[in-house]
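The values are calculated or read from the model by the stated rules, or taken from the named source; none is laboratory data. Because the structure is predicted, anything quoted here is derived from the model rather than measured. We place every Cβ from the backbone using ideal geometry, glycine too, and count neighbours over all the protein chains shown. Ligands, DNA and RNA are stripped out before the accessible areas are found, and what is left, the full protein with its side chains, is counted by its heavy atoms. Shrake-Rupley method; radii C 1.70, N 1.55, O 1.52, S 1.80 Å.
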Amino acid sequence: MAAAVDILRDKIRSRKARAGVVGLGYVGLPLAVELAKAGFHATGIDLDERKVQSVNDGRSYIPDVPTADVQALHAKGLLDATTDFAVVKDLDTINICVPTPLRKTKDPDMSYIVSAVEGIAKYLHPGMLIILESTTYPGTTDEVVQPMLEATGLKAGVDFYLAFSPERVDPGNPTFQTHNVPKVVGGFTPNCSMLAKELYGSAIETIVPVSSTRVAEMVKLLENTFRAVNIGLVNELALMCDRMNIDVWEVVDAARTKPFGFMAFYPGPGLGGHCIPIDPFYLSWKAKQTGFDPRFIELAGHINAGMPHYVADKVADALNTRRKAVNGSNILIAGVAYKRDIDDMRESPAMDVMGLLLARGAKIAYADPYVPVVHAREWSGGYDLHAVDMTRGQIAQYDCVVVITDHRTFDYQTLVAEADLIVDTRNAIKERHPHVFRLGAPHAAHSTEGKAVIA
Ligand SMILES: NC(=O)c1ccc[n+]([C@@H]2O[C@H](COP(=O)([O-])OP(=O)(O)OC[C@H]3O[C@@H](n4cnc5c(N)ncnc54)[C@H](O)[C@@H]3O)[C@@H](O)[C@H]2O)c1
């Protein structure tokens, strides 16, 4: 009789394996689509009925996933979704792609992983492959997931297979998407690694095996901590440059001409998204448990978290050149998504900047073609904010426009022509103008009349 591992490998190779993806968000939906494109019957499991309905209606809700793909795969019977974990009974593989946020105390919030694994454990059966993809601290797979699944009486590496594979999706990136970003895979045993490699190898171009689940978990945290620390460094440089009347953008652009040993990072209004502001704290939390003090992570977190305050001060400085106070000024925030050309608001520094300006008495409006509503009841006086137009004729009514997200669809020429004052936190406006104040760059000096002149 063939061993269970061979049976599952053959099922994967022949595409007879039924694939499941738990959590159909920015990570899970693209993965389910890739698996279905590779020929598997892929079933998504999500608690959000709207997402499930959308997949079953053949509609995408993730900008990087074309509706045409979801529609075609659903029509071929290769892709569907459900809220009911009972479907796990019929599945051979499961990728877990649920959120891993931080609690207010900056401790990992494992509740989503725990509830997803509880849902799977109820229907776990011999011969299954379970892969955790959610970004998390090293040790999660064997300290949290494995014991929960083994409480069923089945043993990891023997009765079922267990692996960790970090997701590296970069929302909005037209070049690198799920299928062509190399996939790091670490199994609990060599058989677990082999099966995970087989599964991903059917849908993803390059697989990078590592020796354990913990190495795979740490790889993701290194990647994201690397970004957080380097952004922290360049943000600190921006603050320095501001004091020293040096243009940090020009400095970085010149430095990046070095063909080796340098990688460009740019300053900004603060960190955003579900990864960079959060993941390094998963690592520092775990490191502290071993008595290790992870100083780079904490320092970068401190500098990056201070950037919205710096932007608020910059707005106050800009208004000062007009003899205006923040209090009572009409301020338009241009772009609230955490990065350009996407609709993702998670951890967006725009929320912090708006909150700080509101606290100083400003009247806030925002424009963002990707984000029609900002749920801001808690801090904006009990009402949500709705996006306004930033088109010709709409801009002059504001005392200051603050560019937080440099969406390519914004008409910067009109903005420069019509705005009285602009604070540009992204170097979106390339030409120099006396009424444009850039983060980390010398701004217009003040003349004795209080009018700005080009520095
Ligand atoms: N978004 C990114 O750019 C990105 C990149 C790399 C890694 N990651 C990591 O991938 C993981 C998922 O991130 P995401 O951006 O896809 O999150 P998301 O919020 O877009 O999607 C998560 C989905 O999981 C569902 N969910 C939550 N609990 C569930 C449960 N118990 N059972 C079933 N479904 C459940 C939610 O309803 C949601 O649809 C996180 O750990 C994140 O850190 C995200």
Next on the checklist: Just checking, does the stretch 368-379 include any residue being open to solvent by less than 20 Å² (accessible area, probe 1.4 Å) and either more than 29 Å from V65 (Cβ to Cβ) or touching a residue at least 60 places away in the same chain (Cβ under 8 Å) (or both)?
Outcome noted: no
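Would you mind finding the one in I333, I276 that is closer than 23 Å to D242 by Cβ, away from the ligand (no atom under 16 Å from the Cβ) and of a type outside the set (D, E, K, R)? Full working, then the answer.
Numbers: I276 fails: away from the ligand (no atom under 16 Å from the Cβ).
Matching residue, one of I333, I276: I333.
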Next on the checklist: Pairs please, first residue from the stretch 113-124 and aromatic (F, W, Y), second anywhere and within 12 Å of the ligand (Cβ to nearest atom), Cβ atoms under 7 Å, 6+ apart in sequence or on different chains.
Outcome noted: Y123/F85; Y123/V88
Checklist entry - Given R59, R103, which one is surrounded by fewer than 15 Cβ atoms within 10 Å (Cβ to Cβ) and within 18 Å of the chain's Cα centre (by Cα)? => result R103
Checklist entry - Out of all the residues in the stretch 168-217, which are among the aliphatic types (A, V, I, L, M), open to solvent by 20 Å² or more (accessible area, probe 1.4 Å) and within 16 Å of the ligand (Cβ to nearest atom)? => result V169, V181, V208
Checklist entry - Could we say that A387 is surrounded by 12 or more Cβ atoms within 10 Å (Cβ to Cβ), of a type outside the set (S, T, Y) and at pLDDT below 95 here? => result no
Next on the checklist: Considering only residues that are of a type in the set (S, T, N, Q) and surrounded by fewer than 23 Cβ atoms within 10 Å (Cβ to Cβ), which ones fall in the stretch 136-153?
Outcome noted: Q146, T152
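Table: residues versus (1) away from the ligand (no atom under 13 Å from the Cβ); (2) open to solvent by less than 40 Å² (accessible area, probe 1.4 Å).
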residue	(1), (2)
D46	no, yes
V52	no, yes
A68	yes, no
D84	no, no
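Let's see how each residue does on (1) under 28 Å from the mean Cα position of the chain (by Cα); (2) within 12 Å of the ligand (Cβ to nearest atom); (3) in a helix (DSSP H, G or I); (4) of a type in the set (A, V, I, L, M):
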position: R9; (1), (2), (3), (4): no, no, yes, no
position: R15; (1), (2), (3), (4): no, no, no, no
position: A19; (1), (2), (3), (4): yes, no, no, yes
position: G25; (1), (2), (3), (4): yes, yes, no, no
position: V33; (1), (2), (3), (4): yes, no, yes, yes
